[in-house]
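The values are calculated or read from the model by the stated rules, or taken from the named source; none is laboratory data. Since we're looking at a predicted model, the values are computed, not measured. Because the Cβ atoms are built from the backbone with ideal geometry, glycine has one as well, and the counts that use them run over all protein chains shown.
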Amino acid sequence: MRGKPTQEPAVRTLAMPADTNPSGDIFGGWLLAQMDIAAGTVAYQRARGRVATVAVDAMSFHKPVYVGDVVSTYAEVVRIGRSSITLQVEVWVSRGRTGDEIKVTEGRFTCVALDERGRPRPVPPE
């Protein structure tokens, strides 16, 4: 993804005080959970069914997230394997005080399509 994504975010939420560390910034783990939800949502749609995250292949935190920021998480499929789906995930915030749009983190997630028994299954063709 180059520049702010133009598609609708897979997840949009508001950063709240309960999600902060002692310094008042949003926990990285909370942000990672939002990214995993976005990756899983997009992978589920592409796989037409159940998926599980099996790897976070890369992760970069660029800027902190603050209470009151509107957090938008975007996920884009970048590779399809036999049973795997690799996604590039970016998080952008709209700063509560200024309205500035800022990319705060990005990562690469791999999900695997699962059958009804929880075993890997082929990703269907598009």
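Structural remarks
- Check on VAL54, in a strand (DSSP E or B) and either among the aliphatic types (A, V, I, L, M) or within 11 Å of the chain's Cα centre (by Cα) (or both): yes
- Entry remark, segment 67-126: residues being farther than 20 Å from ALA33 by Cβ, in contact (Cβ under 8 Å) with a residue 40 or more places away in the chain and among the hydroxyl-bearing types (Ser, Thr, Tyr) number 1 in total.
- Unique residue being touching a Lys or Arg at 6+ places or on another chain (Cβ under 6 Å), within 30 Å of ARG119 (Cβ to Cβ) and crowded, with 16+ Cβ neighbours inside 10 Å when the list is VAL51, VAL77: VAL77
- Single residue of segment 2-16 satisfying the filter (surrounded by fewer than 16 Cβ atoms within 10 Å (Cβ to Cβ) and either part of a loop (DSSP other than H, G, I, E, B) or of a type in the set (A, V, I, L, M, F, W, C) (or both)) that is farthest from the chain's Cα centre (by Cα): MET16
- Residue within segment 114-124 that is under 22 Å from GLY29 (Cα atoms) and in contact with an Asp or Glu (Cβ under 7 Å, 6 or more places away or on another chain) present: no
- Sole residue being of a type outside the set (Lys, Arg) and modelled with pLDDT under 95, chosen from ALA75, ALA33, ALA58, ALA52: ALA58
- Hits in segment 19-34 - residues which are farther than 17 Å from SER60 by Cα and either in contact with a helix residue (DSSP H, G or I) (Cβ under 9 Å, 6 or more places away or on another chain) or of a type in the set (Ser, Thr, Tyr) (or both): ASP19, THR20, ASN21, SER23, GLY24
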